[in-house]
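Let me begin by presenting the structure, written as structure tokens, before commenting on it.
The values are calculated or read from the model by the stated rules, or taken from the named source; none is laboratory data. Computed from a predicted structure; not experimentally measured. Methodologically, a virtual Cβ is constructed for each residue, glycine included, from the backbone with ideal geometry; neighbour enumeration extends over all protein chains shown. Accessible surface areas use protein heavy atoms only, side chains included; no ligands, DNA or RNA. Shrake-Rupley method; radii C 1.70, N 1.55, O 1.52, S 1.80 Å.
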Protein chains: 4
Amino acid sequence: MSEMITHKTMIPEEYVQIDQIPWAPFPEAFSEGGIRWKLLHVSPEMGAWTAIFDCPAGSSFAAHIHIGPGEYFLTRGRMDVRGGKEAGGDTAVAPGYGYESANARHDKTYFPEDGEFYMTFLGPLVFIKPDATPVAVVGWQEAQGAWNAFLEDQKSAAE
Amino acid sequence: MSEMITHKTMIPEEYVQIDQIPWAPFPEAFSEGGIRWKLLHVSPEMGAWTAIFDCPAGSSFAAHIHIGPGEYFLTRGRMDVRGGKEAGGDTAVAPGYGYESANARHDKTYFPEDGEFYMTFLGPLVFIKPDATPVAVVGWQEAQGAWNAFLEDQKSAAE
Amino acid sequence: MSEMITHKTMIPEEYVQIDQIPWAPFPEAFSEGGIRWKLLHVSPEMGAWTAIFDCPAGSSFAAHIHIGPGEYFLTRGRMDVRGGKEAGGDTAVAPGYGYESANARHDKTYFPEDGEFYMTFLGPLVFIKPDATPVAVVGWQEAQGAWNAFLEDQKSAAE
Amino acid sequence: MSEMITHKTMIPEEYVQIDQIPWAPFPEAFSEGGIRWKLLHVSPEMGAWTAIFDCPAGSSFAAHIHIGPGEYFLTRGRMDVRGGKEAGGDTAVAPGYGYESANARHDKTYFPEDGEFYMTFLGPLVFIKPDATPVAVVGWQEAQGAWNAFLEDQKSAAE
């Protein structure tokens, strides 16, 4: 009986007052045009994470693959997904909901006007080169790392 | 070699124009005060589902347990979760984010003012009696059934 | 900035030496014929759990519904699932693999000969009456509770 | 009402008679020493997959990161995980169970003697260079592709 199941407890509930946390610039390596974000939650066990994004007109995310399913709720503006509706993808118009399935490839996600969306992710995004070679894996751990680094900077600057 | 893995394809992406689908009354067996909802997505493989809820002042959901984790984004109003902040739970104020963990018990979710929230669920809600005895299991299949029944009724009424 | 994401760490890896933990009797409320089990893992965040079952010839599990997907690996013996092959279900013969999907209903899982199987579960089993009314929800928390109670008893008996 | 939820059905159950499907060589890009495998299941929605591996004495898997949690059941032999017990990892001895958490890095998984293990994966493996740069993402889709290519070859050879 050397190994025994220990007593695991329920995961605590969480609450975030979204308008009381700051917007962080989203890494320029993975976006352009001034996208900002707030990390709302990470789930280390499943590898899931949740964030809200503020996207100025003309901004975009770099090419990436969704490793697991992601669901977005566009609350403001317009978002061209997988090239937009004209190119066979979707053009979301607020209020719009989208399900991006595991392995969905998003060559460019573009905001023709100011937009805001909330998104839950299962698993990481893999940012890719045009030939789909992986460049970087951005999951709950990388998201949390970038977010905490931003908060530390804010704190240092305030001191 | 009698059994062979067949070729499974990627799950298709989905898009819902939220303001172009109707509000359905949420079943009175599980709520009171006129809550309405729109079902946005179901995931039969994982048993996940996503919906948006419109909750008038004074409305509430009946006691239930979240079988898997659920995440909400309160976009409007105020929502007392697990009794509200005064009773040791949370009082969400829009814009607010909440993570309700697997096995979270919600004896009453109450809306002191008009509210709207978007929520992703992994697994069903189990509605319960005060002693926690299960009354009904409401998951992706039951949600889809109730939603489709509503759409059929709408369609029949229009004919 | 009242609410901040805290730093969550990776979930620790686990290892269990299966032959060094004892077999516990599986609750008679949910099985008959002397089924024994070992709980190997629980995942509180997803609500997942993993166990191995030892099933004597003639034993069976009571009627239940799989709330999320479950996967089994039958390492020994024979197992009639969903009535067995003759009744439209499956009859697993070791070494056999089965995927039981979310919402799969198992009216009776029967072992015509001694068998052993390993199974991973996402979400709970809901044991049901013949009319599908829920009787009990058995998930990671209930499994862990039953298992720990057994270990405590073993310990007390040894003292 | 332009967009409507369609009726999704339950995922079908599956059964695989493991000893009636062939062993395929595991890609040499990701392993050495003659590892063979059988793909048992893929879950396109969650991005999960399940396989069984046959590992001769002296074989090993190349360095990789588990993007989501993985659980193994070692049914035969011995497996050094994360460097083995001496290096702070685990040395599994059959019958052994292991939980490898999301983001677990496995620099080398080594088999000092012949072994066999069954494993369920949520999400892909990312094979990496020593500095953790991603080399290849191997998930349900890549696993299915490799497996089907092998079956096609078998079929062609038999004709």
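Quick notes on this one:
- Averaged over the residues of D:149-159, the number of partner chain Cβ atoms lying within 10 Å of the residue Cβ comes to 1.
- Rounded if a/c under 1.5, otherwise prolate or oblate - the range A:78-138, Cα gyration tensor axes: prolate
- Measuring from each Cβ of chain C to the axis carrying C onto D, the nearest residue and its distance in whole Å come out as C:120, 3.
- Using a 7 Å projection from Cα along Cα-to-Cβ, the label point at residue B:22 is separated from the same position in the remaining copies by 4.9, 5.7, 6.1 nm, smallest value first.
- For peptide A:126-139, the mean count of partner chain Cβ atoms within 10 Å of a residue's Cβ comes to 3.
- Note on the protein assembly as shown: percent of Cα-Cα distances in each 20 Å bin, starting at 0 and stopping at the bin with the largest distance, equals 18, 53, 27, 1.
- For the protein assembly as shown, accessible area per residue (1.4 Å probe, heavy atoms of protein chains only), Å²: 39
- Rounded tilt (10° steps) of B:140-158 against the dominant C-alpha axis of chain B: 90
- Unit charges on C-beta of K, R, D, E only; dipole of chain C, Debye: 260
- Inter-copy label distances at residue A:154 (7 Å, Cα→Cβ; nm, one decimal): 3.9, 4.9, 5.6
- Listed residues A:91, A:39, A:23: farthest to the positive end of the dipole of the range A:1-151 (Cβ charges): A:91
- For the range D:78-121 versus the range A:9-37, the gap between their alpha-carbon centres in whole angstrom: 35
- From phi via Karplus (6.51, -1.76, 1.60), per-residue ³J(HN,Hα) for the range A:82-88 in Hz, x at Gly/Pro: 6, x, x, 4, 5, 9, x
- The HN-Hα couplings worked out from phi for the range A:55-60 by the Karplus form 6.51 cos²θ - 1.76 cosθ + 1.60 (θ = phi - 60°) are 10, x, 3, x, 7, 7 Hz, whole numbers, x standing for Gly and Pro.
- Mean separation of Cα contacts under 8 Å (6+ apart) over length of chain A, as relative contact order %: 24
- Calculated label separations, residue A:108, copies of the chain, 7 Å along the beta-carbon direction, nm: 4.5, 5.4, 6.3
- With Rh defined as the Kirkwood radius, the inverse of the mean 1/r over Cα pairs, the Rg/Rh of the range C:37-108 is 0.96.
- Rounded, prolate or oblate (a/c below 1.5 giving rounded, otherwise prolate when a/b exceeds b/c) for the range D:2-42 by Cα gyration tensor: oblate
- Across every pair of non-identical alpha carbons in chain C, the mean reciprocal distance, once inverted, gives a Kirkwood radius of 16.8 Å.
- Other protein chain C-beta atoms within 10 Å of residue C-beta, averaged over C:17-24: 5.
- Taking the chain by itself as reference, the range A:67-84 contains these residues with an accessible-area loss of 50 Å² or more in the full protein complex (1.4 Å probe, heavy atoms): A:67, A:71, A:73.
- Computed from label points 7 Å out along Cα-Cβ, the spacing between residue A:57 and residue C:108 is 7.0 nm.
- Each of residue D:155 and residue B:7 was given a label point 7 Å from its Cα along the Cα-to-Cβ line. The distance between the two points is 0.9 nm.
- Area buried, chain C against chain A - accessible surface, total, 1.4 angstrom probe, square angstrom: 2800
- Ligands, DNA and RNA aside, residue D:9 has an accessible area near 90 Å² when probed at 1.4 Å.
- In sequence order, the range B:14-27 has phi-based couplings of 9, 9, 10, 7, 4, 7, 10, 10, x, 7, 9, x, 6, x Hz under the Karplus curve 6.51 cos²θ - 1.76 cosθ + 1.60, θ = phi - 60°, and Gly or Pro positions carry x.
- Placed amide H near residue B:37: partners under 5 Å, 5+ positions off or other chain: B:24, B:26, B:54
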